[in-house]
Structures are given as structure tokens and as C-alpha cells.
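One structure is given here, and the rest of the page talks about it.
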Amino acid sequence: MNPSKISESEWSVMEALWERAPLTASEVAKALHERTGWAENTVRTLLTRLVEKNVIHASDGSPRLFSPAVSRAECVQAEGSSFMARFFQGAAQPLLVHFARNAHLTPEEVQELKRVLDESIESQSH
């Protein structure tokens, strides 16, 4: 299972399943249709890929029910690590500097970031 290998389209399917699982392929297609315009066959293809990647489970019954095998947090963690490796050679500091300079953070977000960094420093010193 490698959640960092999920395409943008597959991520949309995962979002639908994280929001309300288990779902049939038809239910996933209905949940995504307004936003994506995808036909049910497209959604079925994406579901098959996600099953093959072991990031969702499919029941054996009829109709098949699909549910996530990994949490959203696990996928975000994997995507973040993959992004950091590809664009910042695995180094967190340049990544954080880039986002701090370009993300237009609110004062509350800055405070949260400071808190998280302080906690990280504290945990490393123990």
C-alpha cells in the first residue's frame, strides 16, 4: 500500500469514501457527478485502480461496497512526504520557508505553526 501514488482523480474518489463509506460504485458516481461530470464507468475504473493499490476495500457481495483501507491522515502524510522528497530533496526547512513566504497565512495560522514548531523542538530535546 502506497498512498502517495494516488492520482488527483483517485483522490476525489477517496474523498467521497472518507466522507461516507461504505458506498456502491453507483453511489460514489452520484456523489461525484455534479462536481466532476464523470460517468459511472469512469468511477468504476478509478475504484478498480484504488482496490489494486490496496487503498480501498471492496466487499464480495452484490452490489459491491467500497470503503477506505487507509485514513485521510495517512494519505496526507504520504503525499506530504512524497512532495517534500520530490521538490525539496527531503528537507523540511526549505519546504516550511517556501510555504511561510507564499501561503498568505492568517495570524491564527501563524500562531498554530509556531506552536507546532515549538512542540517539535521540545520533543527533539527529550
Exercise for review: Would you mind calculating the relative contact order of the chain from Cα pairs under 8 angstrom and at least 6 residues apart, reporting the percent as a whole number?
Suggested key: 25
Revision key, fill the gap. Expected sort for 9-21, 32-44, 48-60, 81-93 on mean C-beta neighbours within 10 Å, highest first, is 9-21, 48-60, 32-44, 81-93
Check your understanding: Lys/Arg Cβ at +1, Asp/Glu Cβ at -1, dipole of the chain taken about the Cα centre: which of 22, 120, 36 is farthest positive-ward?
Key -> 36
Exercise for review: Would you mind getting the Kirkwood hydrodynamic radius of the chain from its Cα pairs, rounded to one decimal in Å?
Suggested key: 16.8
Review point. What is the list of residues in the stretch 41-60 whose amide nitrogen lies under 16 Å from a point 7 angstrom out from the Cα of residue 79, following Cα to Cβ?
Key: 50, 55-56
**Study point:** Simple Cβ-charge dipole of the stretch 1-63, Lys/Arg +1 and Asp/Glu -1, about Cα centre, in debye nearest 20
**Key:** 80
Exercise for review: With a/c under 1.5 counting as rounded, go ahead and sort the stretch 33-79 into rounded, prolate or oblate using the C-alpha gyration tensor (a ≥ b ≥ c being the square roots of the eigenvalues; past the cut-off, prolate if a/b is larger than b/c, else oblate).
Suggested key: oblate
Check your understanding: What is the pair-distance distribution P(r) of the stretch 13-57, computed from all Cα-Cα distances in 5 Å bins starting at 0, with each bin given as a whole percent?
Key -> 5, 26, 35, 26, 7, 1
Review point. Where the only charges are on Cβ atoms (+1 Lys, Arg; -1 Asp, Glu), what is the dipole of the chain about its Cα centre, to the nearest 20 debye?
Key: 360
Point to revise | Per residue, in Å², the accessible surface of the chain once ligands and nucleic acids are set aside, probe 1.4 Å | key: 69
Exercise for review: Compute the signed sum of charges (Lys and Arg +1, Asp and Glu -1) over the other residues within less than 15 Å, Cβ to Cβ, of residue 31.
Suggested key: -2
Practice item. For the stretch 86-126 and the stretch 24-41, write down the distance between their C-alpha centroids in whole Å. Key: 37
Practice item. Report in % the part of the accessible area of the stretch 55-126 that belongs to carbon and sulfur, leaving out ligands and nucleic acids; probe 1.4 Å. Key: 57
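The values are calculated or read from the model by the stated rules, or taken from the named source; none is laboratory data. Since the structure is predicted, the reported quantities are computational estimates derived from the model, not experimental observations. A quick note on method: Cβ atoms are made from the backbone with ideal geometry, for glycine too, and the neighbour counts reach across all protein chains shown. What goes into the accessible areas is simple: the full protein's heavy atoms, side chains included, and nothing from ligands, DNA or RNA. Shrake-Rupley method; radii C 1.70, N 1.55, O 1.52, S 1.80 Å.
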